[in-house]
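The values are calculated or read from the model by the stated rules, or taken from the named source; none is laboratory data. Small disclaimer: the values here were computed from a predicted structure and weren't measured. Note: ideal-geometry Cβ built from the backbone for every residue, glycine included; neighbour counts use all protein chains shown.
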Amino acid sequence: METKDRGIFILRAGLGLGFVFAGLDKFFMWASGTPFTSLSYLKFGTTGVWLGSDPKAVVNPTHDFWVGLAANTSLISVFDTLVVFGEIAIGVALILGLATRFAAVMGTLLMTLLFVSNWSFANGPFNEQFMYGLIAVTIAYVGAGAYALDTVLAKNAVFQKIPVVKYALG
């Protein structure tokens, strides 16, 4: 196979492993030892940081929106489930190369939401969420590559007849 296909696989699998680990860490509570909840993040992790700003200052223009969401306890349990399930599902799909474009778009969406909510620019505008999102959007654009289940499924006659599915498979 081509070098390009190997490169796509490495990006896809690497990003997928990062998502899977993040989701499993939240599910099994490896790092914290306490059940995952987005409540404290929404309340206290969305103040934002800018180069040279006071660490106690709220610089994120969307901060009030996230704090407002935190006030709705019903939404918090939905968010918590979506984050954990989403990270694991996105990661597994990227690793296997299954529904790759959809998984990459969902990964881009998740990273965009984290980028906006976190608003962490202490080291400049190109933070971790930006880089993960950039990789995810690149995978969504280029597709799964040769080392993927999508490539195998795309050869199936049924999928050949459905243009949307054929495109989604990469």
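Details
- Tally of residues being among the polar types (S, T, N, Q) and either closer than 27 Å to Pro125 by Cβ or at pLDDT 95 or above (or both) across region 6-50: 4
Condition check ((1) of a type in the set (Val, Ile, Thr); (2) part of a helix (DSSP H, G or I); (3) over 12 Å from the mean Cα position of the chain (by Cα); (4) on the phi > 0 side of the Ramachandran plot) across all residues:
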position	(1), (2), (3), (4)
Leu94	no, yes, no, no
Phe102	no, yes, no, no
Phe115	no, yes, no, no
Phe130	no, yes, no, no
Thr138	yes, yes, yes, no
Ala144	no, no, yes, no
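- Scanning region 147-167 for residues that are in a helix (DSSP H, G or I) and crowded, with 18+ Cβ neighbours inside 10 Å turns up Asp150, Leu153, Ala154.
- Helices (runs of 4 or more DSSP H) completely within region 1-85 that count 1 or more residues being in contact (Cβ under 8 Å) with a residue 60 or more places away in the chain and surrounded by 15 or more Cβ atoms within 10 Å (Cβ to Cβ): 3-28, 39-44
- Hits in region 8-58 (condition: more than 17 Å from the chain's Cα centre (by Cα) and of a type in the set (Gly, Ala, Ser)): Ala31, Ser32, Gly33, Ser40, Gly45, Gly48, Gly52, Ser53, Ala57
Residues checked against (1) closer than 30 Å to Asn72 by Cα; (2) not polar (S, T, N, Q):
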{"position": "Asp5", "(1), (2)": "no, yes"}
{"position": "Ile8", "(1), (2)": "no, yes"}
{"position": "Leu11", "(1), (2)": "no, yes"}
{"position": "Gly18", "(1), (2)": "yes, yes"}
{"position": "Phe21", "(1), (2)": "yes, yes"}
{"position": "Ser32", "(1), (2)": "yes, no"}
{"position": "Thr37", "(1), (2)": "yes, no"}
{"position": "Ser40", "(1), (2)": "yes, no"}
{"position": "Gly52", "(1), (2)": "no, yes"}
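- Among the residues making up region 116-146, those that are among the hydroxyl-bearing types (Ser, Thr, Tyr) and surrounded by 16 or more Cβ atoms within 10 Å (Cβ to Cβ) are Ser117, Ser120, Tyr132.
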